[in-house]
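S.K.: Provided herewith is a single structure, encoded as structure tokens, for subsequent inquiry.
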Amino acid sequence: MSTNSQPTSGAAIAVSGLTKTFGPTKALDNLHLTVGTGEVHGFLGPNGAGKSTTIRVLLGLLRADSGTAKVLGGDPWNDAVALHRRLAYVPGDVSLWPNLTGGEAIDLFARLRGGFDRKRRNELCERFDLDPTKKGRTYSKGNRQKVAIVAALASDVELLILDEPTAGLDPLMEAIFADAINEVKDAGRTVLLSSHILAQVEALCDRVSIIRQGHIVESGSLSDLRHLTRTSVQVETVRPAAGLESLPGVHDLSSTNGKLHFDVDTDQLDGIIGHLHGLGIRSLVSQPPTLEQLFMRHYGEELAEATNGSSR
Amino acid sequence: MSTMTMSRPAAQAPGRQNSLAGTGTLIRFMLRRDRVRIPVWLIVFALVPIGTLSSFAEAYPSAADRMATAQSMNSPAALAMLGPAHYFADYNSGSMLMHQLFAFTAMAVGLMSVLLVVRHTRTEEETGRAELVRATVVGRHANTAAALIVAFATNVVLGLLIAASTATSDMDGITTSGALLFGAAHTAVGIVFAALAAVTVQITGYSRGASGMALAGIGVAYVLRAAGDVGENGLSWVSPIGWGQRTWVFVDGRWWPLLLSVALTVVLTVLAVILSTRRDVGSGLRQARPGSPAASDLLVKPFGLALRLHRGMLIGFTVTVALLAVAYGSIFGDIDEMLGSVTALSDALAEQGGVLIEAFLSMVMLVTAVTVAIYAVLATNRMRAEELAGRAEPVLALPLSRTRWVGSHLAVTLLGSAVMQLIGGALLGYFAADATGDGALFGKSIAAAAAYLPALWCTIGLVVLLYGLRPQWIGLGWLVPVWAFGIGYLGNILGLPTWLAKLSPFGHVPEMPSEEFSLPPVLALTAIAVALIAIGLAGLKRRSINVV
Ligand SMILES: Nc1ncnc2c1ncn2[C@@H]1O[C@H](COP(=O)(O)OP(=O)(O)OP(=O)(O)O)[C@@H](O)[C@H]1O
Ligand SMILES: [Mg+2]
């Protein structure tokens, strides 16, 4: 685990040892999470892992059983009001007031937060192609989500806490959202982005944390994490590469038409390539691990447990 | 392939049948969901007649006692509250039961029916659950049909239970045929209001609004018969509760007025079906129109937001209270006439410390205050509703303290209930002064209304306390208006001990103008209200949001 690879001082979010139970359910179990100032931090994990619960604790909406949490240097429970002036939140399931229009809801959120820029708000509405005159209940799911996104982006805040903000957005809007987040990043603001869309996390995030059953199981920059997983290699050599499978870090070796396919632990890549070089490389294709593979590994454990458990 | 034809609207002959596809399954599903709720209602209704009859046996052991009661009841206040004077012709235990109880049990049956129908129709649509159901092999009218069948059947069983429970009594005047008619009168009222609810759920897209409209219908029915019973005019004949009372159960029973209820039920059911074909699943009759693209300066303040969220309920209840006051106010003229003709009857009430008009005013004031208390409980529940709907969360993620958030909702509720109560007092005072020519009644009436304010604040305080400490139990707040009405209002007639009424804040309010104003209870109630609200707020600051 590389949780300690980032200094905690000056972190926008610093959580340690957080535990929260709902009756018999242990939603958070000794959770550690650090989000550095100015970074876009991806927050990943299977359904029910505890992402939303963590976020609600960070917002001072839930009271943790034990552990400490610091948001922008303050205590999220006791300094809630002061902190909320400096952060904006987009929930995953936006519920709007049936008798308020989207425009009214945006203004309400943004102006109650303070630091509201009307020009920017109108520009965002246009960018996201959002009709602000519709009543809350008449919005489609994606448009409801946009109301919350526009309200959050229109405020001038240091920290954005986004809980699956793009659930329900079409691909075009997702791209626009990505642009907007990049602008936020350029402006030096911090983002905590919980998402199930791995491509989005990969494109936007500097660092990610993976949570499973209320516990962070992996945390670090994407390149850090890549080192923890395997690169897949396809190679054709002049001399036959006998004995390759006995080298450390090589897995799942197979050959078709004289081409070798195998996965290699990324931290052993250098040694393997050196070995292959000695055999004369005719062609080489190497694929870095995708976040999906990384993620699936953590899912996989769960999946394997689940299928073992249910097999008759 | 059958699914294709099922989902098509009722067009041809086979379509008609298909539009009811799935009704049986839905009925079983509704009964399963209500497997506790309906039996509880039924048991309570079955117990009421036996319980009341046995209390009569103690309170009025002889025919002479009942005669005396009949005499004292022959006042405008009692007639307006209970029912027509025809029952005094033979005031036996049975007719006394009918006269003193029916108006209220009928309203309760109406309440049960309205809640049942709305719960299984509009609430399902509003939450989106109906969409899942309608996407299966279920015809377009199946849900309405199933809800109405369940409601009608419940009311039939209810009528039979009431009849059976009443018939077990061997007190004088109770006959089996009378008991059956007594039960049927309840059934008749229940089915009318079930059908009315089936109509209101078509009109509006919100379950709260649909229940509100149907419940207002019950209130109107009660007040119309009150005006009709005092004024001896035809008004009682436009009220389903009035029809039930005009069966003269246990006096010289007749069934035919109940046919009016059946006819109205049929008309309303047909109307509901017609309206349901003119709207989309999930919406009301009127399509939502676009609104303002930007928020006003008021809306972006917490108070402004709360005001906006409460607006519909605020207007609805203010209109209800005003109508109530106007309807009761119109009775003052009749009372004045009655006073001129039968002065002897006023003795009993005059002894209690006020002239008839003032006694009547005090009674109506309690009804107004209870209505406002219902508003107060509903409005205070709004915060919980916001929390459960997930709308409190993004608001509390703003730089807005929980105290301010609750404070803005409370400000609207406290102000709103005070304004309603005073409007009610002013209107009643105006009518009373106008009818009697006694201008002082206007001021007295407003003062009487104001005396209830601390009790209303206590009611609000109790709900805030529950909300802060035990939000799951917030429903207990309903005990206050229910108790105030059930014990404070009915307890007088049923001869219940006064300490029971004192358990509710309303039992401590000086019943002006027939009673003198007294400061200590008013101060005490205010202090209790402040304490309840403070404890509730402190609790809310400590607890997690979105606990279920
Ligand atoms: N108010 C609550 N009461 C009881 N249990 C809860 C409550 N809120 C969350 N939980 C439980 O806590 C666990 C974590 O839930 P959480 O909503 O944080 O998951 P999540 O990671 O956000 O999942 P998803 O990806 O589906 O949004 C789940 O097991 C959930 O059932
Ligand atoms: Mg979640």
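The values are calculated or read from the model by the stated rules, or taken from the named source; none is laboratory data. Just so we're clear, the structure is a prediction, and the values are computed from it rather than from any experiment. Cβ: placed from backbone, ideal geometry, glycine included. Neighbour counts: every protein chain shown. Side chains included, ligands, DNA and RNA excluded: accessible areas come from the protein's heavy atoms. Shrake-Rupley method; radii C 1.70, N 1.55, O 1.52, S 1.80 Å.
S.K.: To the nearest 20 debye, what charge dipole does the protein assembly as shown have about its Cα centre, counting +1 at the Cβ of each Lys and Arg and -1 at the Cβ of each Asp and Glu?
M.R.: In total the dipole reaches around 1260 debye.
S.K.: Got the relative contact order for chain B handy, in percent, Cα pairs under 8 Å and 6 or more residues apart?
M.R.: Values: 798 pairs, mean separation 74.8, N = 548.
After rounding, I find 14 percent.
S.K.: Same structure, new question: Please compute the per residue accessible area over segment A:11-225 with all protein chains in place, 1.4 Å probe, rounded to a whole number of Å². Mind showing how you got there, number by number?
M.R.: On the way: 7290 Å² over 215 residues.
That works out to 34 Å² per residue.
S.K.: Can you tell me what share of the DSSP beta bridges in chain A is antiparallel? A percent to the nearest 5 is fine.
M.R.: Counting only bridges with both partners in chain A, antiparallel ones make up about 70 percent.
S.K.: Using alpha-carbon positions, what is the distance between the centroids of segment B:367-394 and segment A:154-185, in Å?
M.R.: 34
S.K.: Sticking with this structure for a sec: Let me have the relative contact order for segment A:11-225, percent, based on Cα pairs under 8 Å that are six or more residues apart.
M.R.: 29 percent.
S.K.: May I ask for the distance between the Cα centers of segment B:499-519 and segment B:65-123, given as a whole number of Å?
M.R.: If you average the Cα positions of each part, the centres end up 24 Å apart.
S.K.: Please compute, for peptide B:286-299, the average count of beta-carbon atoms on other protein chains lying within 10 Å of each residue's beta-carbon. Walk me through the numbers before you get to the answer.
M.R.: Working: counts 0, 1, 8, 4, 8, 12, 7, 12, 10, 12, 2, 2, 0, 6.
Counting Cβ atoms of other protein chains within 10 Å of each residue's Cβ and averaging gives 6.
S.K.: Let me ask something else. What does the helix-only formula give at 222 nm for the protein assembly as shown: each DSSP H stretch with n ≥ 4 adding -39500 (n - 2.57), the total divided by the residues, and the result rounded to the nearest 500 deg cm²/dmol? Please list the in-between numbers first.
M.R.: Details: 35 runs with 501 residues, N = 860.
The helix-only estimate for the protein assembly as shown comes to -19000 deg cm²/dmol at 222 nm.
S.K.: Ignoring any ligand, DNA or RNA, what whole percent of the accessible area of segment A:230-288 comes from carbon and sulfur when the probe is 1.4 angstrom? All intermediate terms of the calculation are to be shown ahead of the outcome.
M.R.: Values: 1720 of 3510 Å².
In segment A:230-288, the share of accessible area belonging to carbon and sulfur is 49 percent.
S.K.: Could you work out how far apart the two model spin labels at A:R120 and B:A63 are, taking each label as a point 7 Å from the Cα in the direction of the beta carbon, and quote it in nm?
M.R.: Label-label distance for A:R120 and B:A63, simple model: 8.8 nm.
S.K.: Something else: Any idea what the dipole of segment A:230-288 comes to, in debye rounded to 20, about its Cα centre with Lys/Arg Cβ at +1 and Asp/Glu Cβ at -1?
M.R.: Values: 4 positive and 7 negative charges, 59 e Å.
In total the dipole reaches around 280 debye.
S.K.: Summarise the accessible area of chain B (1.4 Å probe, protein heavy atoms) by the percent that is carbon and sulfur. List each step's numbers first, then the result.
M.R.: Values: 15120 of 22370 Å².
On chain B, the fraction of accessible area on carbon and sulfur atoms equals 68 percent.
S.K.: Restricting the count to DSSP beta bridges whose residues both fall in the protein assembly as shown, what percent are antiparallel, rounded to a multiple of 5?
M.R.: Given both bridge residues lie in the protein assembly as shown, the antiparallel proportion sits at roughly 70 percent.
S.K.: Okay, moving on. For segment A:249-264, what does the Karplus curve 6.51 cos²θ - 1.76 cosθ + 1.60, with θ = phi - 60°, yield as ³J(HN,Hα) per residue in whole Hz, taken in order and with x for Gly and Pro?
M.R.: x, 9, 9, 6, 6, 8, 9, 9, 6, x, 9, 9, 10, 7, 9, 9
S.K.: Right, here's the next one. Other chains near A:99-106: what is the mean number of their Cβ atoms within 10 Å of each residue's Cβ?
M.R.: Numbers: counts 7, 8, 7, 2, 6, 10, 5, 3.
Mean partner-chain Cβ count within 10 Å for A:99-106: 6.
S.K.: Further, regarding this structure: Output the peptides A:258-264, B:214-220 sorted from most to least packed, where packing is the average of other Cβ atoms within 10 Å over each peptide's residues.
M.R.: Working: A:258-264: 17.1, B:214-220: 20.4.
Packing order, densest peptide first, comes out as B:214-220, A:258-264.
S.K.: I'd like the FRET efficiency for B:R543 and A:L172, computed as 1/(1 + (r/R0)^6) with the beta carbon distance as r and R0 of 51 Å, rounded to 0.05.
M.R.: Values: r = 42 Å, r/R0 = 0.82.
E(calc), rounded to 0.05, equals 0.75.
S.K.: Report the net charge of residues surrounding B:G22, where surrounding means a beta-carbon distance below 11 angstrom and charges are Lys +1, Arg +1, Asp -1, Glu -1. Numbers along the way, then the final one.
M.R.: Details: positive: B:R28, B:R134, B:R140; negative: none.
Result for the neighbourhood of B:G22: +3.
S.K.: Continuing with the same structure: Give a residue-ordered list of calculated ³J(HN,Hα) values for segment A:139-146 (Karplus: 6.51 cos²θ - 1.76 cosθ + 1.60, θ = phi - 60°; whole Hz; x for Gly, Pro).
M.R.: 6, 6, 4, x, 5, 5, 4, 5
S.K.: Before I look further, what does chain B give for accessible area per residue, probe 1.4 Å, in whole square angstrom?
M.R.: Values: 22370 Å² over 548 residues.
For chain B, the per-residue accessible area is 41 Å².
S.K.: Here is a follow-up. Got a sec? What order do A:K20, A:K185 fall in by accessible area at 1.4 Å, biggest, i.e. largest, first? Numbers along the way, then the final one.
M.R.: Numbers: A:K20 15, A:K185 55 Å².
These residues rank, largest area first, as A:K185, A:K20.
S.K.: Quickly work out the B:R33-to-A:T19 label distance, labels modelled 7 Å from Cα along the C-beta direction, and quote it in nm with one decimal.
M.R.: Distance between label points: 4.0 nm.
S.K.: Same structure, new question: Given the peptides B:148-161, B:466-479, arrange them by the average over their residues of other C-beta atoms within 10 Å, most packed first.
M.R.: Numbers: B:148-161: 20.7, B:466-479: 17.3.
Per-residue Cβ counts within 10 Å, averaged per peptide and sorted highest first, yield B:148-161, B:466-479.
S.K.: Net charge around B:L441, counting only other residues with Cβ within less than 11 Å of its Cβ (Lys, Arg = +1; Asp, Glu = -1)?
M.R.: Values: positive: B:K444; negative: B:E358, B:D434, B:D438.
Here the charged neighbours net out to -2.
S.K.: Pairs of Cα atoms under 8 Å, at least six residues apart: use those to get the relative contact order of segment B:18-285, whole percent. Provide the component values of the computation, followed by the final result.
M.R.: Values: 416 pairs, mean separation 70.4, N = 268.
Once divided by the residue count of segment B:18-285, the mean separation gives 26 percent.
S.K.: Using 0.36 nm per residue, how much length does the chain from B:E232 to B:Q472 gain when fully extended, once their Cα-Cα distance is taken away?
M.R.: Length gained, B:E232 through B:Q472: 81.7 nm.
S.K.: What order do A:E126, A:E245, A:E164 take when sorted by accessible area (1.4 Å probe), most exposed first?
M.R.: The most accessible residue leads, giving A:E126, A:E245, A:E164.
S.K.: List every residue whose amide H lies under 5 Å from the amide H of A:L31, counting only residues 5 or more places away in sequence or on a different chain, with H placed 1.01 Å from N in the peptide plane.
M.R.: A:G17, A:L18, A:T19
S.K.: Compute the Kirkwood hydrodynamic radius of the protein assembly as shown, taking the inverse of the mean of 1/r over all pairs of distinct Cα atoms, and give it in Å to one decimal. The partial results should precede the final answer.
M.R.: Working: mean 1/r = 0.0318 Å⁻¹.
Roughly 31.5 Å, rounded to one decimal.
S.K.: Let me ask something else about it. I want to check the label-to-label distance for A:V238 and B:W256. Put each point 7 Å from Cα in the C-beta direction and report it in nm to one decimal.
M.R.: 11.7
S.K.: Please give the solvent-accessible surface of B:F303 in Å², to the nearest 10, using a probe radius of 1.4 Å with every protein chain present.
M.R.: 70
S.K.: Please list 3J(HN,Hα) in residue order for segment A:86-96, calculated via the Karplus relation 6.51 cos²θ - 1.76 cosθ + 1.60 where θ = phi - 60°; whole Hz, with x for glycine and proline.
M.R.: With the stated coefficients, segment A:86-96 comes to 9, 9, 10, 10, 10, x, x, 10, 7, 10, 9 Hz.
S.K.: Shifting gears a bit: Got a number for the accessible area of A:T21? Probe 1.4 Å, square angstrom, nearest 10.
M.R.: Estimated to the nearest 10 Å², A:T21 gives 50 Å².
S.K.: Using only Cα atoms, locate the centre of segment A:203-239 and the centre of segment B:201-248, then give the distance between them in Å, rounded to an integer.
M.R.: The distance from the Cα centre of segment A:203-239 to that of segment B:201-248 comes to 70 Å.
S.K.: Mind checking A:81-91 for the average number of partner chain beta-carbons within 10 Å of each residue's beta-carbon? Could the numbers behind the result be given before it?
M.R.: Details: counts 8, 2, 2, 6, 3, 1, 3, 3, 5, 2, 5.
Averaged over the peptide's residues, the number is 4.
S.K.: Rank these residues by their accessible area, most exposed first, probe 1.4 Å: B:D229, A:D267, B:D170. If you can, show how the numbers build up before the last one.
M.R.: Working: B:D229 5, A:D267 105, B:D170 140 Å².
Listed by decreasing accessible area, they come as B:D170, A:D267, B:D229.
S.K.: Turning to a different aspect of this structure: Would you please classify the overall shape of chain A from the alpha carbon gyration tensor, given that a ≥ b ≥ c denote the square roots of the eigenvalues, rounded means a/c under 1.5, and beyond that prolate means a/b larger than b/c while oblate covers the rest?
M.R.: Values: a/c = 2.23, a/b = 1.82, b/c = 1.22.
The shape class here is prolate.
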